[in-house]
């Protein structure tokens, strides 16, 4: 037995050492693959992000609560007032008679003037519809904003990639020249030209990275993500459909623009409020049974029904009627102003979108790829000594300028497209394709 104990202790110690070694190697392995795991960012579409934004955005709950509140108002508008119980107790003394108690009890139910409850229900129904329209409008604008930012992020990331590729080529080329360093004046000047171009490309890359990061942070926050979260997006802006004529856009907006629908509902609601205010000049009707009795000089009991209604002799509610009629005029004026502003904004957004499409049509489908290949060829031939530094730098600068012009044109076109869709309340049909921005190879 004493010999078995040291053997068991050694076995326990050996197992402990093996477990520590295993955990150490697992930790090293996890640290080694962590960068690769973080790099595996799932590729998303603008529709994925829009669904995520609708699910996580806290303002959606605000509009849903607004609908619940409007439905509560509808329930209150359909309820009758509670009956009222009134009781009186007193005494009566008659000459040469015994004194006795006098009492009276009455239950009265208050009824609305005919048609008034129906008007209140109709107004409450309009409130529910307005609240539902508010939720639909918010969701539509949220999706529109997510799509707009998604396109912006993709294009700005492409711009950053192009600037980074040019900078890396310049940096690698300068390192080669430093190693060669022939000591001649021309070699020194070429090196200085490239170093100056590198500083300029640093500024271009920094600006592009800042723009991409700002748009990415705004999109992340809109979708309920951390601002610094990595985003890998499918290009949502590959297609730029042709926009319909202005009259068709106006017809579409008249049917589906949320602001216009809300203003129409407000006008209808104000008309109901005018009718309700006119009916209120008669007040409420009170009706119910009563019983009364006295016990002075004998017992007498009486019963019957009591009915009361205010008579509009002096207060005919004219002031409130005039107020609601004036508010109806205001609602109609706001509807006309909204329609006028909508037509103006549609005309501006459509013309701006068409102008950007016309500019993008000047690009051949292969132009961007040709500029990219020319920049790479300039780098290769400069290393072989077939191209001077000035030509090389000018080619890299021309490539960046061309990419900047193309991407900014696409950003503007995408922005104007989203504005047209926001104003009409419906997406444009996908029919025509404009030049793609290819990834830097």
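Quick note: the coordinates plus some simple rules give every number you see, no bench work behind them. Quick caveat: nothing in here was measured; it's all calculated off a predicted structure. Note that each Cβ is placed from the backbone with ideal geometry, even for glycine, and that neighbours are counted across all protein chains shown.
Tabulated data for the structure shown
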item	result
Label-point separation, residue 132 to residue 264 (7 Å along Cα→Cβ), nm	1.5 nm
Interatomic Cα distance distribution for the stretch 164-304, bins of 5 angstrom, percent	2, 6, 7, 6, 6, 6, 7, 7, 6, 6, 5, 5, 4, 4, 3, 3, 3, 3, 2, 2, 1, 1, 1, 1, 1, 1, 0, 0
Two-site label geometry, residue 344 and residue 104: point separation in nm, points 7 Å out along Cα→Cβ	6.6 nm
Share of pairwise Cα separations in the stretch 63-189, more than 21 Å, in percent	75 percent
Percent of Cα-Cα distances greater than 17 Å, calculated over the stretch 243-383	79 percent
Sites residue 404 and residue 329, calculated FRET efficiency, Cβ-Cβ separation with R0 41 Å, nearest 0.05	0.20
Near-label residues of the stretch 123-137 by backbone N, under 15 Å of a point 7 Å along Cα→Cβ of residue 337	none
Chain lengthening between residue 87 and residue 374 when straightened (0.36 nm per residue, less Cα-Cα)	93.2 nm
Computed label-point distance, nm, for sites residue 355 and residue 221 using a 7 Å Cα→Cβ extension	3.0 nm
FRET efficiency for residue 185 and residue 362, using Cβ-Cβ distance with R0 set to 45 Å, rounded to 0.05	0.60
Cα coordinate range in the stretch 304-441, projected on the principal axes (Å, largest first)	116, 31, 23
Ordering of 73-79, 312-318 by burial proxy (mean other Cβ atoms within 10 Å per residue, highest first)	73-79, 312-318
Separation between Cα centres of the stretch 47-113 and the stretch 238-264, rounded to whole Å	44 Å
